[in-house]
Amino acid sequence: MRWMRAAGRALLVAAVVAAGYAGFGVRSDAGADGARGPLTLATAGDLTGYLPPLLAEWNESHPDERVTLVELPDSADETRAQMISEMRSGGHRFDVLNIDVAWTSEFAAAGWISPLERSRFPLDTFLRPVVDTATFDGRLYAVPYVTNAGLLYYRKDILDQEGEQPPRTWAELARQARTIAPRHGLDGYGGQFLPYEGLTVNVTEAVHSAGGSILRDDGARVAVDSDAARAGLRFLADGVRDGWIPREALGWKEEESRQAFQDGRLLFLRNWPYVYANADAEGSKVAGRFGAVPLPGPGGPGTSVLGGSNLAVSSHARHPATAADLISYLTGEPVQRKVLTKGSLPPVRAALYEDPELIRAYPYLPTLRQSVLAAVPRPKSPRYDQVSIAVQAVAQDLMALRQTPEQSVARLARELGALSRKR
């Protein structure tokens, strides 16, 4: 979405799950004393209530290795803070952690989570990009649990009336948002522009769609000072200046922007897949009247940021072998199917995106698969939280039209350069 509570009732992208492990290379056949036993599973706000039934099934078949659900705040930032406090204290309250994909590098570098054996998990059955979010410094530190990629929601009924197709480029989106939306009493385009992790995501998507990046692949070198970065920031600033991004959107997170679209106030919305079910539900003013496509870019389809969460084992976990088995259970195909059908969360298993029955129930799955496969992770940096704060601060001034794209890129390069030198 850290960003996310990527979304209201359905998105658990900020979910945090806790279960235990002490040591390296968690194995289900580990022979160490205490390797097997009860676990705790902490999650940031399971707002859809899908987890208790999944854990009840596990507990029924593992009476001596029961999992207790511990719900942390549904704010990702608060969840992260509580997890870090617990890890720093050396406590055993959390065993398995379902961490936001952007936290993996930070938690691994700090020694709060333990490396896992790749052979223990069928990673080749997962969507390819999601596996990269679970690694740090060439090692596997987590297992993908839920993925996410941004989609462009659009009012299909209105574009049909105008004889238009959904936009594939920024120019098409800007033209339609500027000219078509006002004729129908709508605002043009909304995203997540309040200064929090969602703004980092929207900015990163714009920069990557233009062919740039925030940091280089190692997360230690600044890459933002580029023409591509300036083009990405200009796209957002122009939207506010020209009026097709409403000023109101500068205060939106996922839920506020979803509600605006669902209430029939927007022509276009960038948001996560959970929006589809909400917008198509009874009582929605756009039910049956909208569609979803990949995000646009400068010359064609753009690039989404990869969202979601990964399951990791705490370095202070009490029962590492059981923790590994729980992760296998939660990432297995039967449970991953329920993650989608009961939790409205995008699964990580590739085969589910080609299942005809699921596609009939969730028509956006092929589009989501396309977006996930083209998505990029956020920078892999042990200081990611500071990187994100810097991006948010600069982007806030940019979209408030207090700085130009050129000034914003220069400032961001300076601030990220200072962070990189602290490494």
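Hey, can you grab everything whose amide H is under 5 Å from the amide H of G190? Only 5+ residues off in sequence or another chain; H modelled, so Pro and N-termini drop out.
Close amide H contacts, sequence-distant or interchain: F268, L269, R270.
Long-range amide H contacts for E71: which residues qualify at under 5 Å (H placed 1.01 Å from N, peptide plane, sequence gap of 5 or more or a different chain)?
Correct list: T43.
HN-Hα J couplings of region 146-152 from phi, Karplus 6.51/-1.76/1.60, θ = phi - 60°, integer Hz, Gly and Pro as x?
The phi angles translate into 9, 10, 6, 8, x, 10, 9 Hz.
Would you mind calculating the gained length between S328 and R421 on full extension (0.36 nm times residue separation, minus the Cα-Cα distance), in nm to one decimal?
Length difference between fully extended and current span is 29.6 nm.
Which order do the peptides 269-280, 165-176, 88-99 come out in when sorted by mean C-beta neighbours inside 10 angstrom, highest first?
Output ranking for 269-280, 165-176, 88-99: 269-280, 88-99, 165-176.
Go from 0 up to the bin containing the longest alpha carbon distance in region 217-320, width 5 Å each, and give me the % of pairs per bin.
Calculated over all Cα pairs of region 217-320, the distribution is 2, 9, 14, 17, 17, 14, 9, 7, 6, 4, 1, 0 percent.
What's the whole-number percent of alpha carbon pairs in region 153-300 lying beyond 18 angstrom?
56
Take the alpha carbon atoms of region 65-139, find their center, do the same for region 324-385, and report the distance between the two centers in whole angstrom.
When both Cα centres are located, 17 Å separates them.
Within 11 Å, Cβ to Cβ, of G264, how many net charges do the neighbouring residues add up to if Lys/Arg are +1 and Asp/Glu are -1?
Net local charge, G264 excluded: +1.
log₁₀ I(q)/I(0) of the chain at q = 0.07, 0.11 Å⁻¹, via Debye over equal Cα point scatterers, no solvent, to two decimals?
At q = 0.07, 0.11 Å⁻¹ the computed log10 ratios are -0.32, -0.78.
For the chain, what does the helix formula give at 222 nm: sum of -39500 (n - 2.57) over DSSP H segments with n ≥ 4, over the residue count, nearest 500 deg cm²/dmol?
Computed mean residue ellipticity for the chain: -12000 deg cm²/dmol.
At 1.4 Å probe size, with the rest of the protein present, what percent of the exposed accessible area of the chain is carbon and sulfur atoms?
47
Output the peptides 400-411, 226-237 sorted from most to least packed, where packing is the average of other Cβ atoms within 10 Å over each peptide's residues.
The peptides rank, most packed first, as 226-237, 400-411.
What translational diffusion coefficient, in µm²/s and rounded to a whole number, does the Stokes-Einstein relation yield for region 340-423 at 20 °C and a viscosity of 1.002 mPa s, taking the hydrodynamic radius as the Kirkwood radius over Cα pairs?
134
To the nearest 20 Debye, how big is the dipole of region 63-168 about its Cα centre, given +1 on the beta carbon of each Lys and Arg and -1 on that of each Asp and Glu?
Its charge dipole is roughly 320 debye.
With +1 on each Lys and Arg Cβ and -1 on each Asp and Glu Cβ, and nothing else charged, work out how big the dipole of the chain is about its Cα centre, in Debye to the nearest 20.
The calculated dipole for the chain is roughly 880 debye.
For region 284-298, take each phi angle, set θ = phi - 60°, evaluate the Karplus expression 6.51 cos²θ - 1.76 cosθ + 1.60, and give the result in whole Hz per residue in order, putting x for glycine and proline.
6, 6, 10, 4, x, 10, 9, x, 9, 9, x, 4, x, x, x
Determine ³J(HN,Hα), in whole Hz, for all residues of region 359-370 in sequence, where each value follows from phi through the Karplus function 6.51 cos²θ - 1.76 cosθ + 1.60 and θ = phi - 60°; x replaces Gly and Pro.
Coupling constants for region 359-370: 5, 5, 7, 10, x, 7, 4, x, 5, 5, 4, 4 Hz.
Report for the chain the percent antiparallel among DSSP-assigned beta bridges with both residues inside it, nearest 5.
Restricted to the chain, the bridges split so that about 60 percent are antiparallel.
Per residue, how many Å² of accessible area does the chain show with a 1.4 Å probe?
Accessible area per residue, the chain: 37 Å².
Find how much the distance from T48 to E60 grows on full extension, using 0.36 nm per residue of separation minus their present alpha carbon separation; answer in nm with one decimal.
2.2 nm
Specify whether the C-alpha gyration tensor of region 38-77 places it in the rounded, prolate or oblate class, a ≥ b ≥ c being the square roots of the eigenvalues: rounded for a/c under 1.5, otherwise prolate if a/b is larger than b/c and oblate if not.
Judged from the Cα gyration tensor, region 38-77 comes out oblate (a/c at least 1.5, b/c at or above a/b).
Quick one: which residues, 5+ away or cross-chain, put their amide H under 5 Å from the amide H of F136? H built at 1.01 Å from N.
Y141
If I model a spin label as a point 7 Å beyond the Cα along the Cα-Cβ vector, how far apart are those points for S85 and R241 in nm?
4.4
Could you work out how far apart the two model spin labels at T169 and E248 are, taking each label as a point 7 Å from the Cα in the direction of the beta carbon, and quote it in nm?
With each label point 7 Å from Cα toward Cβ, the separation is 3.1 nm.
Give the average over all directions of the projected area of the C-alpha convex hull of region 227-284, one decimal, in nm².
4.6
So how long is each side of region 279-423 along the principal axes, counting just the alpha-carbon atoms, biggest first, in Å?
Principal extents (largest minus smallest coordinate, Cα): 51, 50, 30 Å.
Listed highest first by mean packing, meaning other Cβ atoms within 10 Å per residue, what order do 356-368, 332-344, 304-316 come in?
Taking the mean over residues of other Cβ atoms within 10 Å, the ranking is 304-316, 332-344, 356-368.
Taking the Cα centre of region 60-103 as origin, work out the dipole magnitude from +1 charges on Lys and Arg Cβ and -1 charges on Asp and Glu Cβ, in debye rounded to 20.
Dipole size: approximately 220 debye.
The values are calculated or read from the model by the stated rules, or taken from the named source; none is laboratory data. What you see is a predicted model; the values in this text were computed from it and never measured. For neighbour counting, all protein chains shown are included, and Cβ atoms are generated from backbone atoms with ideal geometry for every residue, glycine included. Heads up: the accessible areas ignore ligands, DNA and RNA and are worked out on the full protein's heavy atoms, side chains in. Shrake-Rupley method; radii C 1.70, N 1.55, O 1.52, S 1.80 Å.
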